[in-house]
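The values are calculated or read from the model by the stated rules, or taken from the named source; none is laboratory data. Remember, it's a predicted structure, so these values are computed and weren't measured experimentally. Positions of Cβ are generated from backbone atoms using ideal geometry, with glycine treated the same way; all protein chains shown enter the neighbour counts. The protein model used for the area step is the full one, side chains on, heavy atoms only, and it has no ligands, DNA or RNA in it. Shrake-Rupley method; radii C 1.70, N 1.55, O 1.52, S 1.80 Å.
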Amino acid sequence: TPFKLVVDAGHGGKDNGAVGANGLLEKDIALAISKKIEDLAGEYGIDVVMTRTADEFLHVKDRAEFSSKQQANAFISLHANVALLKEKKDKSGMEVFISPDNTHYNESKTMGSAVLQKLGTDFKVNTPLMIRQTGIWVLQANTLPAILIECGYINNTADALLMTNTAQVENMARKILEGVALYANHSADEIKELDVKKETAALTADTTV
C-alpha cells in the first residue's frame, strides 16, 4: 500500500516568509522543493498530496485542517530559515522541528530522525531535532506525525545557492523522500533516534508557520 504524505509548501501569496539576498523569497523556495518532492515521490512508493501548488496564501489553520482530512500517514512542511543579523555569517545547514503538542510526538520524532539521517549523507544538517514551543501551528494542530524542515538559511550565501540550484533541489527532495520511506518501512534498528532540543533563539521571519 502506498504511503500517503501531505507536503506543505510554507508561506505563499501575500506571505513571503523570509527574504534573502537579491530578493530571494522563502515562499518560492518552499514551493520549488515541494513540487520536486511531488514529482519524484512515486519512485519511492509515496503518494503526495500538496497543500498548495501555486503562489497562494493559506492560513496555517487551514493547512492543518486540510491535512487532517486526507487520511494520510504523515505530514511535512517545507521552509527556509533566516538568521539574525549578528548570526548571519555563521548560521547554515538544515534543521528539522517537531512539536511536543502533536498527538503523534514519538512518530514525529522517529520520522524527523530518519529524514535528517538521510539528508546528512549529502548536506550539512544541524542536530539534534528542534522543538519550537510557539508559532508552529501546522505541527501542533496536526493529527498526523508531522515535521517541519528548514532547508537552509536564506541569508547564507552557500545555503541560498543550494536551495536555488536545480540539481541540488532534486537531491534534497530525494533525500527527504528517502527519509520518509525509511520511516515508513523501518525496523527498530534502522533509525538512530536523535535527541531533542528546545529552541532558545528568538523567532525571526517564521513567527507563525
- Do we have L144 as within 16 Å of I76 (Cβ to Cβ), part of a loop (DSSP other than H, G, I, E, B) and either open to solvent by 20 Å² or more (accessible area, probe 1.4 Å) or touching a residue at least 40 places away in the same chain (Cβ under 8 Å) (or both) here? yes
- Per the filter on region 61-75, residues within 22 Å of K14 (Cα to Cα), touching a helix residue (DSSP H, G or I) at 6+ places or on another chain (Cβ under 7 Å) and open to solvent by less than 20 Å² (accessible area, probe 1.4 Å) are R63, A64
- Message: Among the numbered criteria (1) part of a loop (DSSP other than H, G, I, E, B); (2) within 16 Å of V169 (Cβ to Cβ), which one does K35 miss?
- Response: (1)
- Could you run through region 96-138 and say how many residues are part of a helix (DSSP H, G or I), surrounded by fewer than 23 Cβ atoms within 10 Å (Cβ to Cβ) and among the basic types (K, R)? 1
- Task: Only residues that are within 15 Å of A181 (Cβ to Cβ) and touching a helix residue (DSSP H, G or I) at 6+ places or on another chain (Cβ under 6 Å): list them for region 47-60, please.
- Result: V48
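Suppose the filter is among the aromatic types (F, W, Y) and not in a helix (DSSP H, G or I); does F66 pass it? Talk me through it step by step, then tell me what you get.
On the way: among the aromatic types (F, W, Y): yes; not in a helix (DSSP H, G or I): no.
Judged against the criteria, F66 is not a match.
For T127, are the conditions met, namely being more than 21 Å from H11 (Cβ to Cβ) and at pLDDT 95 or above?
On the way: more than 21 Å from H11 (Cβ to Cβ): yes; at pLDDT 95 or above: no.
Taking the combined requirement at face value, the residue does not satisfy it.
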- Could you pull out the residue among D55, D47, D28 that is open to solvent by 60 Å² or more (accessible area, probe 1.4 Å), of a type outside the set (F, W, Y), modelled with pLDDT of 95 or more and in a helix (DSSP H, G or I)? D28
- Pairs, please: C-beta under 6 Å, at least 6 apart or cross-chain, first residue small (G, A, S) and in region 96-117, second in a loop (DSSP other than H, G, I, E, B) and surrounded by fewer than 24 Cβ atoms within 10 Å (Cβ to Cβ)? S108/N102; S113/I191; S113/E193; S113/L194; A114/I191
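Look at region 31-40 and say how many of its residues are crowded, with 22+ Cβ neighbours inside 10 Å and touching a Leu at 6+ places or on another chain (Cβ under 7 Å). Working first, answer last.
Start the filter on region 31-40 by keeping residues that are crowded, with 22+ Cβ neighbours inside 10 Å, which leaves 31, 33-34, 37.
From the residues that got through so far, the ones that are touching a Leu at 6+ places or on another chain (Cβ under 7 Å) too are 33-34, 37.
Result for region 31-40: 3.
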- Query: Identify, please: which residue in region 152-199 is of a type in the set (V, I, T) and under 17 Å from D47 (Cα atoms) and is, among those, surrounded by the most Cβ atoms within 10 Å (Cβ to Cβ)?
  - Reply: I176
